[in-house]
Amino acid sequence: MDFIKLEKDYLEVLTEWRRDFHRHPEPGWLEFRTSAIIADKLENWGYDVYVGKEIILGKSLGVPSQAQANLFYNKALESNIQTKWLEKMEAGKTGVIGVLETGVEGPTIAYRVDINALPILESAAEHHVPQKLGFRSQNEGFMHACGHDSHATIGLGLAEQLMKRKDQLSGKIILIFQPAEEGVRGGNAIVSSPLLEKIDYLFALHIGTGIPKGTFVAGVDGFLATSKYDVTIKGVAAHSGIFAEKGKNALLASAQAALALHSLPPHSEGMFRVNVGTLEAGSGRNIIPSLAKMQFEIRAENTDINAFYETKVEQIFKGIEAMYDVEVELNKVGYAINVPSDLQLAKVIKEVAKSQSSINEVIEYRDFKSGSEDATFIMKHVQQQGGLACYSIIGTELAAGHHHEEFDIDEEDMLSAIEIWLNLPFSINPGVNRP
């Protein structure tokens, strides 16, 4: 079958969708408006649609406060969306799965995209394109600084184009619009859905990540395993001059913990990283601090090494409790595992991507142990059931790095990504068989 090309003016539709998502960013587990818009479009196109509480059956880690949840829920209510979708959601239960049953025997093919934003104040500089063109974030303190607005758009564009070609397809198509990827919280919570059973082929994708425009990476050899922690240390307040001996200093305990974490030794079998990202403590210069809060993460080359350091983390905080006579609450609020893509499937994706005129270089398989991804939970789930899974990267020109206040992409690369994914179902059967 010849490579399917989309009309260039379809990019105008994609751009409108992407800029709307960019203008209304929502953090992980609070993607109410985003999920409702996606669900509505999928239903209108003829998909069977499942939302929020219907698909998030596992434990939701790192759920935001109820106050923040109410804020974003009310913002969604104020938008021109159907409330029937909001009724299916709550904090910690967002996201959408769309299912296309072709009625013809064939494989089950799934695509996964992520949809959440980040807690970053977007730049208002005049040279920043979203500011200049009027689609800068309207939710101050939050922005799409990682490209998930474009991922959601790629998923929607793919959904529309697949449905237009339903009569040419076989088997089942599943589109996963996963919430809460940032903080690696959503993948493990959604993977328990019965809708994700017996998937033959799973495709996931990211835009950018340092890959130059015109380059496509068909498959990556895993991401870093990671664990995210929130810590609360409770001590006893006291006057620092009169009753210093009666105080239990939570600030010093947290500082000692931070130093201990960053002093963990390397591992002989692979790379390890730690980062204490926030540390808050104290209320006045003459008060022994009674409360400290910390957020940190660990990352490792594989899941086994990450588990080794999880044990070390627990040991550190048990020692901190004993040393400073404080109470420690250590909560794991997110985690992801290391799972490599299937090379067999990457070879098929490579051949499809080579037919895309905007792609100048296709890399079949490369190491990508720099970031973490919770799509790995879904990948592992598929692989354990005998299916194949592959994570790809499409390059783009970035205005600034990921998680930066001036992050932006070249929107035309969304069209290229959709064309590659759109052609995959027509290449699967002759190109690859399940092991």
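The values are calculated or read from the model by the stated rules, or taken from the named source; none is laboratory data. Keep in mind the model is a prediction, meaning the values are calculated, not measured. Because the Cβ atoms are built from the backbone with ideal geometry, glycine has one as well, and the counts that use them run over all protein chains shown. Heavy atoms of the whole protein, side chains included, go into the accessibility calculation; ligands, DNA and RNA do not. Shrake-Rupley method; radii C 1.70, N 1.55, O 1.52, S 1.80 Å.
Numbers at a glance
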read-out	value
Top-ranked residue of the stretch 271-283 - restricted to ones that are of a type outside the set (A, V, I, L, M, F, W, C) and at negative phi, ranked as surrounded by the most Cβ atoms within 10 Å (Cβ to Cβ)	R273
Those residues of the stretch 146-160 which are assigned to a helix (DSSP H, G or I) and open to solvent by less than 10 Å² (accessible area, probe 1.4 Å), in sequence order	H148, D149, S150, H151, A152, T153, I154, G155, L156, G157, L158, A159
Unmet criterion (only one of (1) touching a Lys or Arg at 6+ places or on another chain (Cβ under 9 Å); (2) in a strand (DSSP E or B)) for K293	(1)
Which listed residue, of T232, T209, is open to solvent by 10 Å² or more (accessible area, probe 1.4 Å), among the β-branched types (V, I, T) and within 30 Å of I154 (Cβ to Cβ)	T209
Unmet requirement for K369, which otherwise passes all of (1) farther than 30 Å from E245 by Cβ; (2) open to solvent by less than 10 Å² (accessible area, probe 1.4 Å)	(2)
The stretch 307-354: number of residues that are open to solvent by 10 Å² or more (accessible area, probe 1.4 Å) and more than 30 Å from S427 (Cα to Cα)	24
G183 closer than 20 Å to F368 by Cβ and either open to solvent by 10 Å² or more (accessible area, probe 1.4 Å) or of a type in the set (V, I, T) (or both)	yes
Selection from the stretch 163-176 of residues that are under 25 Å from E16 (Cα atoms) and either assigned to a helix (DSSP H, G or I) or modelled with pLDDT under 95 (or both)	M163, K164, K166
Considering residues of the stretch 98-145 that are in a loop (DSSP other than H, G, I, E, B) and of a type in the set (S, T, Y) only, the residue farthest from Q168 (Cα to Cα)	S123
Some residue of the stretch 140-162 being at pLDDT 95 or above, touching a Ser or Thr at 6+ places or on another chain (Cβ under 9 Å) and more than 20 Å from W17 (Cα to Cα)	no
So E101, is it modelled with pLDDT of 95 or more, touching a strand residue (DSSP E or B) at 6+ places or on another chain (Cβ under 6 Å) and open to solvent by 60 Å² or more (accessible area, probe 1.4 Å)	yes
Test result for K172, open to solvent by 10 Å² or more (accessible area, probe 1.4 Å), of a type outside the set (S, T, N, Q) and without any contact (Cβ under 8 Å) to a residue 60 or more places away in the chain	no
Those helices (runs of 4 or more DSSP H) lying entirely in the stretch 340-425 with at least 2 residues within 30 Å of E122 (Cα to Cα)	375-384, 412-423
Pick from the stretch 296-330, criterion over 22 Å from the mean Cα position of the chain (by Cα) and part of a strand (DSSP E or B), ranking: farthest from K248 (Cα to Cα)	L330
Pair list, Cβ under 6 Å, 6 or more apart: the stretch 224-237 residue closer than 16 Å to E329 by Cα, other residue assigned to a strand (DSSP E or B) and among the polar types (S, T, N, Q)	D230/Q295; D230/N331
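Quick grid of which residues meet (1) surrounded by fewer than 24 Cβ atoms within 10 Å (Cβ to Cβ); (2) modelled with pLDDT under 95; (3) basic (K, R); (4) not in a loop (DSSP other than H, G, I, E, B):
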position	(1), (2), (3), (4)
L14	yes, no, no, yes
R18	no, no, yes, yes
F21	no, no, no, yes
W29	no, no, no, no
S35	no, no, no, yes
L42	no, no, no, yes
V49	yes, no, no, yes
K53	yes, no, yes, yes
G58	yes, yes, no, no
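Condition check ((1) of a type outside the set (D, E); (2) surrounded by fewer than 18 Cβ atoms within 10 Å (Cβ to Cβ)) across all residues:
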{"site": "F377", "(1), (2)": "yes, no"}
{"site": "V382", "(1), (2)": "yes, no"}
{"site": "G386", "(1), (2)": "yes, yes"}
{"site": "S392", "(1), (2)": "yes, no"}
{"site": "T396", "(1), (2)": "yes, no"}
{"site": "A399", "(1), (2)": "yes, yes"}
{"site": "H404", "(1), (2)": "yes, yes"}
{"site": "D408", "(1), (2)": "no, no"}
{"site": "M414", "(1), (2)": "yes, no"}
